[in-house]
Amino acid sequence: MSGGPLVAALAGNPVLAEHYAAFRASADAALDPAFVALTRQAVAAVHRMGPAPDESGLDEGTRTCLAYAHRMPFEHTAITDAEAAAVSAHLGEAGYVAFSVLTALADAECRAELVGLPELAGV
């Protein structure tokens, strides 16, 4: 079953693991796969788990979204309504919700790996 690093931690509860995987897949499927990869990379970079994505050649809306993704792990309470509105304008309301889920799950998965919880990080 695919569904990201946290699914391994749910192995003891197959129903919950299935629901998590479906939830994650639904958020990912609502967005362009290349954008999903860039977003995951941006969140991982905040945690110093890899390089930040190369933003050269990206449109302004995508750069705005990545700036938002960079702030989600440690500055989410400082994100302004205007910043959220700019992301929503670029992705649409449904896309904004999917993007919010994507960034939250990417953050959780990075944190699980960083604190040495291989069963949560899928390693």
Point to revise | One residue from Ala9, Ala29, Ala42, Ala17 being modelled with pLDDT of 85 or more, of a type outside the set (Phe, Trp, Tyr) and open to solvent by less than 70 Å² (accessible area, probe 1.4 Å) | key: Ala42
Review point. Of all residues in the stretch 50-97, how many are surrounded by 11 or more Cβ atoms within 10 Å (Cβ to Cβ) and assigned to a helix (DSSP H, G or I)?
Key: 30
Practice item. State whether the residues of the stretch 100-107 include one that is of a type outside the set (Phe, Trp, Tyr), more than 16 Å from Leu31 (Cα to Cα), assigned to a helix (DSSP H, G or I) and at pLDDT below 95. Key: yes
Study note, to complete from the structure: Per the list (1) open to solvent by less than 30 Å² (accessible area, probe 1.4 Å); (2) at pLDDT 95 or above; (3) assigned to a helix (DSSP H, G or I), residue check on Ala37 breaks on (1)
Review point. Among the residues of the stretch 114-122, is any open to solvent by 20 Å² or more (accessible area, probe 1.4 Å), touching a Leu at 6+ places or on another chain (Cβ under 8 Å), closer than 19 Å to Ala25 by Cα and in contact (Cβ under 8 Å) with a residue 40 or more places away in the chain?
Key: yes
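The values are calculated or read from the model by the stated rules, or taken from the named source; none is laboratory data. In this text, all values refer to a predicted model and were calculated from it rather than measured experimentally. Because the Cβ atoms are built from the backbone with ideal geometry, glycine has one as well, and the counts that use them run over all protein chains shown. Ligands, DNA and RNA are stripped out before the accessible areas are found, and what is left, the full protein with its side chains, is counted by its heavy atoms. Shrake-Rupley method; radii C 1.70, N 1.55, O 1.52, S 1.80 Å.
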